Amino acid sequence: MQAVYHVPPRKVSKTDEEFHLVAHHDEYSMWFGAYGSEPISEIPSPVCTCGAHAGIPRRRIGELNDPKQIGVWTSVLRNVLDAGHRYIGICGENPILSLAAVIMGAEGVVAFTNDDRMRNLIEELVKTNGYDEGKIQVVEVDKNACKTAGEIKVDAVIGDPFYRNSSLNWHNLRVWYDFSELKKSGIINESTYFRPLKANLYAAAIEFKDLWKIRAPVMDVLGFNIQHFDGVIDGAIRKSDPVVEPHPLWEYPGKALSGAVKVASFNLAEDVEAELEKVHSGVVSFESDGLCNGVALWMTWEYPGRDDELFLISNGPVKPIEPGQNVQWYMNANQDVHLFPEPSKVNHTNYFTYCVKADSSDGSLIFDFNLNG
């Protein structure tokens with residue numbers, strides 16, 4: 001394995017020109033700088049001081065800078081403001097959304113978050129950009145903080161389904177629980193405008209080129225039979241590993257063997273516990289021949305606008321899935337994967353079944369996949 005270090009500041013050099021490469025280290029890390037003819041004895045450590053890089057995952061920073069995502073958020077906010085709502089509540093961990101709402105004309109914004117880093121980052125963004133600190137409040141979404149409900153004024157709530165501690169995409173259904181908590185506290189009611197209104201879970205059967213190898217038995221190595229070891233590992237996986245795990249699928253080529261299928265849908269306007277009691281199950285037919293070794297899953301979030309407009313936030317494919325072709329995945333988020341213990345060759349006569357149940361106490365989803373190969 002090699003490593004690449006991007007040296008700041010950027011230096012343009014010419015043939016035969018000398019420059020100085022300066023290296024520093026502390027107990028835990030090393031850093032470098034490249035300079036011209038005059039050597040510099042010390043360079044500062046490139047440690048984040050703004051709080052954003054420490055509090056926001058790298059892929060999330062990419063998402064916050066994605067022009068398409070920015071376009072969706074500005075369109076959603078424009079719809080809210082054009083509908084006459086001037087006091088906006090923001091759920092989720094999006095430090096930029098609160099500031100954008102003020103810039104676009106909101107008279108007041110309340111950012112609901114339990115994350116101290118996010119609180120500090122929002123306050124720093126407001127101060128750095130010269131906005132009135134009174135225009136943006138940061139309030140914790142819990143029973144104690146919501147006792148101040150009478151002091152909080154919002155007539156619309158926008159949720160960004162992202163939380164730093166979420167590992168699987170449906171963990172971001174936490175935004176639904178935040179909505180529910182705000183209703184219980186009296187901050188919002190049934191008539192309050194809020195978005196998103198629906199969350200959808202999609203799946204597609206995939207023939208992964210390489211990803212399946214992380215679960216494949218080793219069998220023989222240099223003439224040594226280690227199937228006993230394979231059995232021990234397989235037993236441990238079945239006992240302790242989740243049925244579905246996160247992976248950045250743009251790094252792992254895979255051919256679609258089925259189209260995209262909506263396997264579950266959640267109406268965020270309904271009561272959380274009642275909606276999560278539903279069981280979602282079905283049969284998905286294969287539309288292309290191949291070796292099925294996994295199922296990819298992703299979420300979409302629906303933000304209805306005016307005049308039948310519908311804005312979508314998705315971490316799935318960036319283009320419609322075509323069975324028999326490699327899938328192009330969104331790069332700034334993980335997708336979720338179930339790998340079949342025994343891959344199978346499939347064709348148009350085969351199918352796989354799924355069943356999705358939820359535990360309303362913590363919002364976790366329980367999956368069961370069966371491959372008919």
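The values are calculated or read from the model by the stated rules, or taken from the named source; none is laboratory data. Not measured: the values here are computed from a predicted model. Quick reminder, even Gly has a Cβ in these numbers, built from the backbone with ideal geometry, and neighbours come from all protein chains shown.
Summary of computed values
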{"item": "Matching option when the condition is under 26 Å from the mean Cα position of the chain (by Cα) and in a loop (DSSP other than H, G, I, E, B), among Ser258, Ser288", "result": "Ser258"}
{"item": "Of all residues in segment 112-128 being in contact (Cβ under 8 Å) with a residue 40 or more places away in the chain and in a helix (DSSP H, G or I), the one that is farthest from His85 (Cα to Cα)", "result": "Arg117"}
{"item": "Verdict on Ala83 being assigned by TED's automatic domain parsing to the domain that holds Leu182, over 16 Å from the mean Cα position of the chain (by Cα) and over 17 Å from Glu124 (Cα atoms)", "result": "yes"}
{"item": "Sole exception among (1) part of a helix (DSSP H, G or I); (2) surrounded by 14 or more Cβ atoms within 10 Å (Cβ to Cβ) for Val109, by number", "result": "(1)"}
{"item": "Of residues in segment 32-87 being more than 18 Å from Val318 (Cα to Cα), in contact (Cβ under 8 Å) with a residue 12 or more places away in the chain and basic (Lys, Arg), the one surrounded by the fewest Cβ atoms within 10 Å (Cβ to Cβ)", "result": "Arg78"}
{"item": "The lone exception for Tyr87 - which of (1) within 30 Å of Tyr177 (Cβ to Cβ); (2) touching a Ser or Thr at 6+ places or on another chain (Cβ under 9 Å); (3) among the aromatic types (Phe, Trp, Tyr) it fails", "result": "(2)"}
{"item": "Odd one out for Lys213, checked against (1) charged (D, E, K, R); (2) modelled with pLDDT of 85 or more; (3) surrounded by 13 or more Cβ atoms within 10 Å (Cβ to Cβ)", "result": "(3)"}
{"item": "Near pairs, Cβ below 9 angstrom, 6+ apart or cross-chain, from segment 211-225 (assigned by TED's automatic domain parsing to the domain that holds Ala296) to any residue that is among the charged types (D, E, K, R) and modelled with pLDDT of 85 or more", "result": "Leu211/Glu251"}
{"item": "Subset tally (residues that are assigned to a loop (DSSP other than H, G, I, E, B) and among the basic types (Lys, Arg)) for segment 43-97", "result": "1"}
{"item": "Test: residue in segment 94-105 that is closer than 15 Å to Ile187 by Cβ, at pLDDT 90 or above and in the same structural domain as Thr74 (by TED's automatic domain parsing)", "result": "no"}
{"item": "Any hit, segment 337-344, residues being part of a loop (DSSP other than H, G, I, E, B) and in the same structural domain as Pro242 (by TED's automatic domain parsing)", "result": "no"}
{"item": "Residue, nearest to Asn189 (Cα to Cα), within segment 271-288, restricted to residues that are exposed (fewer than 15 other Cβ atoms within 10 Å of the Cβ) and of a type in the set (Asp, Glu)", "result": "Asp271"}
{"item": "Residue match in segment 314-333 (condition: surrounded by fewer than 21 Cβ atoms within 10 Å (Cβ to Cβ) and under 22 Å from Val175 (Cα atoms))", "result": "yes"}
{"item": "Val279 outside the structural domain of Val318 (by TED's automatic domain parsing) and in contact with a Cys (Cβ under 9 Å, 6 or more places away or on another chain)", "result": "no"}
{"item": "Filter result (without any contact (Cβ under 8 Å) to a residue 60 or more places away in the chain and aromatic (Phe, Trp, Tyr)) within segment 195-210", "result": "none"}
{"item": "Any hit, segment 129-144, residues being under 23 Å from the mean Cα position of the chain (by Cα), among the charged types (D, E, K, R), crowded, with 19+ Cβ neighbours inside 10 Å and assigned to a loop (DSSP other than H, G, I, E, B)", "result": "no"}
{"item": "Some residue of segment 342-363 being within 25 Å of Glu63 (Cα to Cα) and at pLDDT below 95", "result": "yes"}
{"item": "Qualifying residues in segment 261-281 (those that are among the hydrophobic types (A, V, I, L, M, F, W, C), part of a strand (DSSP E or B) and within 19 Å of the chain's Cα centre (by Cα)) - the one nearest to Val175 (Cα to Cα)", "result": "Phe266"}
{"item": "Gly305 over 29 Å from Ser191 (Cα atoms) and either touching a residue at least 12 places away in the same chain (Cβ under 8 Å) or not assigned by TED's automatic domain parsing to the domain that holds Thr74 (or both)", "result": "no"}
{"item": "Flag if Gly254 is at pLDDT 95 or above, on the phi > 0 side of the Ramachandran plot and assigned by TED's automatic domain parsing to the domain that holds Lys213", "result": "no"}
